[in-house]
């Protein structure tokens with residue numbers, strides 16, 4: 001029985017690679033020009049988590065899901081970075097916060113906003129752990145591992161009416 005299951009997910013951001021352990025989704029990677037998406041679906045509990053993640057991603061991108069229920073395995077992330085990633089799950093669908101506001105909420109002083117940015121850059125489970133909901137102090141889209149176009153698409157998916165009014 002495999003302890004990890006991996007499969008491609010084709011959606012509006014390209015072909016993402018989703019990996020799961022029996023504990024939850026452990027990785028969601030954006031397309032990489034240097035390699036093809038893996039498809040080693042595995043069996044057992046990891047496969048069940050993977051299947052749930054793929055179904056929930058389908059629903060999210062179809063506009064039928066506003067929150068992910070699939071478990072997330074962040075066991076390889078610890079300390080301050082883990083605190084930041086855990087805090088992201090409390091940002092509601094369609095809402096945003098800033099790097100500075102998130103740092104203040106976590107009691108991170110000094111260069112807290114920069115440290116939040118570092119934690120987001122290391123987020124192994126993009127989209128499901130919603131680092132795309134963190135924007136610059138002036139509301140500008142800044143930094144995203146999948147690229148700013150992907151961040152814009154994700155935020156537009158979550159707030160289509162508001163973005164349409166801004167045009």
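Quick check on the chain: helices-only [θ] at 222 nm, where DSSP H runs of length 4 and up contribute -39,500 (n - 2.57) each and the sum goes over total residues. Nearest 500, please.
Per the formula, -11500 deg cm²/dmol.
Restricting to the chain, compute how many DSSP beta bridges are antiparallel as a %, nearest 5.
Counting only bridges with both partners in the chain, antiparallel ones make up about 80 percent.
What angle, in degrees between 0 and 90 and rounded to the nearest 10, separates the Cα long axis of helix 148-158 from the longest principal axis of the Cα atoms of the chain?
Its long axis makes an angle of about 90 degrees.
In nm, what is the difference between 0.36 nm times the number of residues separating residue 152 and residue 62 and their Cα-Cα distance?
30.8 nm is the gain from fully extending residue 152 to residue 62.
Working from Cα positions, state the angle (0 to 90°, nearest 10) between the long axis of helix 79-88 and the longest principal axis of the chain.
90
How big is Rg to Rh over the chain, alpha-carbon atoms, Rh as the Kirkwood inverse-mean-distance radius?
0.97
Counting only Cα, what are the radius of gyration and maximum Cα-Cα distance Dmax of the stretch 79-166, in Å?
According to the Cα coordinates of the stretch 79-166, Rg and Dmax are 12.3, 40 Å.
Which angle from 0 to 90°, rounded to the nearest 10, does the C-alpha axis of helix 112-121 make with the longest principal axis of the chain?
Tilt of helix 112-121: around 20 degrees.
None of the figures in this text is laboratory data; all of them are computed from the coordinates on show. Note that the structure is a prediction, hence the values are computed from the model and not measured.
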